[in-house]
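Colleague: Below you will find the structure I want to go over with you.
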Amino acid sequence: MTKTAKTKELDKDTQKKLLQLNDFIAGSKVLKDKQSLLMGVLHQTQTLFGYIPATAMDFISHKLGVPSAHIYGMATFYNYFQLTPKARYQIYLCKGTACYVAGGARVLDKLKEELRIGVDEVTADGLFGINITRCLGCCGLSPVMQVNDDIYVRLVPEKVPAILAKYRRLGQPKKKAKATAVAVGGFEQPGK
């Protein structure tokens with residue numbers, strides 16, 4: 001990847017990921033034309049970034065010679081792809097028939113009220129995101145909500161604040177203990 005003025009403005013992490021994406025594209029076998037790589041490149045982009053940022057779409061457009069609008073269309077057509085970063089705690093609320101009938105809509109309203117965001121949005125601090133799913137496989141225990149890998153059953157709106165408080169506590173950055181370091185041979189050796 002050549003360093004352009006636009007690339008220099010990107011943070012080092014983004015530059016590194018774009019270089020990895022460039023390597024992926026360079027190592028991919030073109031079947032018919034470069035556009036045939038697009039689906040695989042989008043999957044790799046999501047793997048590297050956790051979502052598909054506009055910067056990466058522009059990069060892919062340039063590398064594959066595919067219009068950005070086409071890339072955006074493909075990325076928004078498939079539910080797998082995300083155009084925004086995921087929250088640290090992804091909340092999936094079931095809106096299948098059993099959960100809906102058992103009061104899932106009231107639980108969703110409480111989540112929206114507590115977090116001050118809507119479905120498919122992420123809180124400003126990046127801690128929570130609300131998503132809808134059609135079934136979590138616990139229909140007999142409805143309404144059901146999943147937070148990352150944790151499942152909550154027989155939910156009522158009154159339980160939502162305590163559940164969110166638990167993840168807020170977990171989501172706080174831990175204070176780093178002060179460690180002394182001594183340089184040895186150009187490398188820091190902790191605690192010496």
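Colleague: Compute the FRET efficiency between Thr123 and His62 as 1/(1 + (r/R0)^6), taking r as their Cβ-Cβ distance and R0 = 35 Å, and round to the nearest 0.05.
Modeller: Working from the Cβ atoms, E equals 0.60.
Colleague: Quick one: which residues, 5+ away or cross-chain, put their amide H under 5 Å from the amide H of Thr133? H built at 1.01 Å from N.
Modeller: For Thr133, the qualifying residues are Leu93, Cys94, Lys95.
Colleague: Another one. So between Lys86 and Ala26, what do we pick up on full extension, going 0.36 nm a residue minus the alpha carbon distance?
Modeller: Separation in residues times 0.36 nm, less the Cα-Cα distance, equals 18.8 nm.
Colleague: Give the total of Lys-Lys pairs in region 9-77 with Cα-Cα distances below 25 Å; include a pair only if its members are 8 or more places apart or on different chains.
Modeller: 10
Colleague: Could you compute the FRET efficiency for Arg168 and Val101, with r as their C-beta to C-beta distance and R0 at 25 Å, rounded to 0.05?
Modeller: Efficiency, from the Cβ-Cβ distance: 0.25.
Colleague: If you don't mind, there's one more thing I want to ask. Using 0.36 nm times the number of residues separating Thr133 and Arg154, minus their current alpha carbon distance, what extension gain do you get?
Modeller: Gain in length upon complete extension: 5.9 nm.
Bear in mind that the values in this text are calculations on the coordinates, not laboratory data. Nothing here was measured: the structure is a model prediction, and the numbers come from that model. Every residue, glycine as well, gets a Cβ built from its backbone with ideal geometry; the counts of neighbours run over all protein chains shown.
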